[in-house]
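Structure first, then comments.
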Amino acid sequence: MEETRERAPSVIDRYYTRWYKTDMKGRSCEDHCILQHSNRICIITLAESHPILQQGRKIKSIDYRISDGCSRLNNKVSGKSKRGGQFLTEFAPLCRITCTDDTEYTIFSCIRGRLLEVNEDILKHPDLLLEKPSTDGYIAVILPKLEESKTVTKDLLTREQYEDVVSKRSTQVQESL
Amino acid sequence: MKPSRGFAGPEQKSISPSVMLSLKDKDCPVIRKLLASGCCGRCVLRFCCVGKYSAYQQSCEDLRKELLVFLSEHDGEQSHDASGEAEAGDPPCKKVKLESSEPSSGENASVEGESEPSGVCVACVGVLQDFCGQTYAKQVSEAVRKGDYQFESLMLAVSLPAQLSVREHSCWLHIKKEVREKSMYLDKEDVVQVKDAFKWAVQGLVGKELGATVLTNSAFEVSVGFVHPETDGDCHFLATECPDCFKPTKNKASVFTRMAVVKALEKISESKFLRHYPCPPVSPSSTCTPLQTTCLHTSVFIAGRYNKFSRELPQTPWVIDGERRMEGSVEELIADPLLAAFKADGFNFCSSGREDVDVRTLGNGRPFAIELLNPHRAKFNKAEIRQLQETINTASDKIRVRDLQIVTREATSRMKVGEEEKTKSYSALIWTQKPITSADLDFLENIKELKIDQKTPLRVLHRRPLAVRQRLIHSMSASYLDTHHFTLQLRTQAGTYIKEFVHGDFGRTKPNLGALMETEADILELDVESVDVDWPPAVPE
Ligand SMILES: [Zn+2]
């Protein structure tokens, strides 16, 4: 494909800060990317290094029902104050994604906040997750508490730290080969 | 509201008190009883339902003398009036009372020089004794002058201590029988209110002092008020008797508001009232205290249209966490010169929609209206307004204002009527990831009345409810700039989020320009070309 002319900063570059959670819950390479808007809203996405996005894998199913009693699909918010939204902590699961090779991955909230919406489009078109993981293939939108808007990301990695982790990983892989 | 009233000229002294004061023979028992109870002359007139303004404009002393003359003139006739005599039966008692009462104390008595020997009035606690003369009128006028307002007319507002209603009720019960004997049709509502008697007595003096007409309705309001801490306790028994009338409210310092007290007095039975409150009321030892005179001019509304030529200018001050993010704002650039000219205390800005910081508003501009609060100067002619517009426009090249004009409060609502249905035209600089072909641009131009579903954009979702709104893109046209850039002209329904329509907002606007063109699209610049709201009317240059 033809290389595009040097483009101006993208929507994400302009309005969002990228934060990362690597090896989520000790699971190797299960990296999450959290896009925080300047208005404190956070979009949970798969980091480009997440196993699901590697080696031409395909998605079999995505399930927002995280237990018998709880489905993120039932989340409803009303009014300006977003009453009724499920309140999530860092390790709250958002959904489970099963690939065609039957490997299963759980995607987590990574930050504390109120769940505003989940992306139902990826249920109908799982390929969105593979093709546009950082935009149309997002997992969920979370609103941190106003008073926690600065602190919710304190345990996350910056873009620079993330790139560092990923590059170290690949050296390790090469060394082990 | 009462009809607007003029002022009767000074009356001839030679006219007999009955004509002068419009009193009837049958008022004698009422007058006698009230004087004996410690009511001032003006309050006596009030309870006799005298509606003649000039009667209240004499000094308290003269009034009292005339009442006494009136009584003595009617003494003979009174003796024939068995019931009156029987009820009143208290000229001696009156004498005793009058003599035993302390002379009005406090500075106001000597200042006004019209206090009565009988002490502070039990009904008005001095409002109609010490504050109806030239001295107080001068005091009020001086305070108004200090406010430095320009006005041709004024209205007077009076606030009185709530307990005056309790005292009024007690006085009414005291003389109800006598009043009913005068006319069975008379009721408590027919008694002239302290507020009205006060205005009839003093507002002419204030108007004369200030050279302004006093009206019942004027844009310029002068407020005076009185407190009387000594008798504040008068109301307290009502809270025990009618607790449901005195629910605490957030913004009131005391539950004993005039409204609540009046309501409780309507509910309480006569016998209950009399069990808890003396009838007639007890004489206060001090006169009331006047509050500071305050002035308020009703808001002036100014409308116009503005252009915004800067991509670094918010419409309203941009403050995050108490810190200013950007210098200046459209509303300040427009309002500051207006505030200075109208000498207003503050303003409220409103417009037909708003643009983002980085969006310009071109073309005919965006309709706006500004409410100027408490303007000290309110009258401006067309030339002066045009001059103000010029001042705004020369002060900054970031904005420009046209059609500036004074409008009514009601007219400003026309800016918001049908806002949702209105069409807005935009011009946007678009980037696409794929190289643009003329077929792409033709494709866009052929799209008409496109329905899009927009979820509340993420950039405003923190302060607005989450919803999906359907909007219409009426038409689009595109002009090629280079391989990855083109200018897109859009005509859309008001309320369409253009930026989100272009980049898709994480796929939350459907369809979006990127999806339509099967590429990634982004918006680099946005201009509002027109806001099709036909208000305010154009002002010919
Ligand atoms: Zn009085």
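The values are calculated or read from the model by the stated rules, or taken from the named source; none is laboratory data. Since the model is a prediction, treat every value here as computed from it, not as a measurement. Quick reminder, even Gly has a Cβ in these numbers, built from the backbone with ideal geometry, and neighbours come from all protein chains shown. Keep in mind that these areas ignore ligands, DNA and RNA; they rest on the heavy atoms of the full protein, side chains included. Shrake-Rupley method; radii C 1.70, N 1.55, O 1.52, S 1.80 Å.
Looking at B:148, B:196 in this structure, which one is of a type outside the set (S, T, N, Q), away from chain A (no Cβ under 14 Å) and either more than 15 Å from the ligand (Cβ to nearest atom) or part of a loop (DSSP other than H, G, I, E, B) (or both)?
Every option except B:148 fails the conditions.
How about segment A:1-93: which strands (runs of 3 or more DSSP E) wholly inside it have at least 1 residues that are open to solvent by 40 Å² or more (accessible area, probe 1.4 Å) and away from every other protein chain (no Cβ under 11 Å)?
A:16-21, A:59-63
Select from segment B:473-502 the residues that are open to solvent by 40 Å² or more (accessible area, probe 1.4 Å) and either over 47 Å from the mean Cα position of the chain (by Cα) or within 14 Å of another protein chain (Cβ to nearest Cβ) (or both) and list them in ascending order.
Passing the criteria: B:477, B:479, B:480, B:481, B:482, B:483, B:497.
Could you give every pair whose Cβ atoms fall below 6 Å, whose first residue belongs to segment B:121-141 and is more than 11 Å from the ligand (Cβ to nearest atom), and whose second residue is assigned to a helix (DSSP H, G or I) and modelled with pLDDT under 95, counting only separations of at least 6 or pairs across chains?
Close Cβ pairs satisfying both conditions: B:133/B:112; B:135/B:111; B:135/B:112.
When you go through (1) over 14 Å from the mean Cα position of the chain (by Cα); (2) within 14 Å of chain B (Cβ to nearest Cβ); (3) within 24 Å of residue A:16 (Cα to Cα) one by one for residue A:136, which number turns out not to apply?
Among (1) over 14 Å from the mean Cα position of the chain (by Cα); (2) within 14 Å of chain B (Cβ to nearest Cβ); (3) within 24 Å of residue A:16 (Cα to Cα), residue A:136 violates only (1).
Given (1) open to solvent by 70 Å² or more (accessible area, probe 1.4 Å); (2) within 11 Å of chain B (Cβ to nearest Cβ), where does residue A:124 come up short, assuming only one miss?
Looking at each condition in turn, residue A:124 falls short on (2).
What is the one condition in (1) in contact (Cβ under 8 Å) with a residue 40 or more places away in the chain; (2) within 24 Å of residue A:116 (Cβ to Cβ) that residue B:464 does not satisfy?
(1)
Please find, among B:437, B:408, the residue that is within 14 Å of chain A (Cβ to nearest Cβ), open to solvent by 60 Å² or more (accessible area, probe 1.4 Å) and of a type in the set (Ser, Thr, Tyr).
The conditions single out B:437.
If you check every pair at least six apart or on different chains, which have Cβ atoms under 6 Å apart with a residue in segment A:122-145 that is under 24 Å from residue B:519 (Cβ atoms) first and a residue that is open to solvent by less than 10 Å² (accessible area, probe 1.4 Å) and among the acidic types (Asp, Glu) second?
Close Cβ pairs (under 6 Å, with a partner that is open to solvent by less than 10 Å² (accessible area, probe 1.4 Å) and among the acidic types (Asp, Glu)) do not exist here.
What number goes with the only condition from (1) within 16 Å of the ligand (Cβ to nearest atom); (2) at pLDDT below 85 that residue B:43 does not pass?
Just one mismatch for residue B:43, condition (2).
Can you tell me how many residues in segment B:178-192 are surrounded by 15 or more Cβ atoms within 10 Å (Cβ to Cβ) and farther than 11 Å from residue B:49 by Cβ?
Residues flagged as surrounded by 15 or more Cβ atoms within 10 Å (Cβ to Cβ) and farther than 11 Å from residue B:49 by Cβ within segment B:178-192 amount to 2.
If I ask for residues that are more than 14 Å from chain A (Cβ to nearest Cβ) and in contact (Cβ under 8 Å) with a residue 40 or more places away in the chain, which ones from segment B:447-461 would you list?
Those that are more than 14 Å from chain A (Cβ to nearest Cβ) and in contact (Cβ under 8 Å) with a residue 40 or more places away in the chain: B:447, B:450, B:452.
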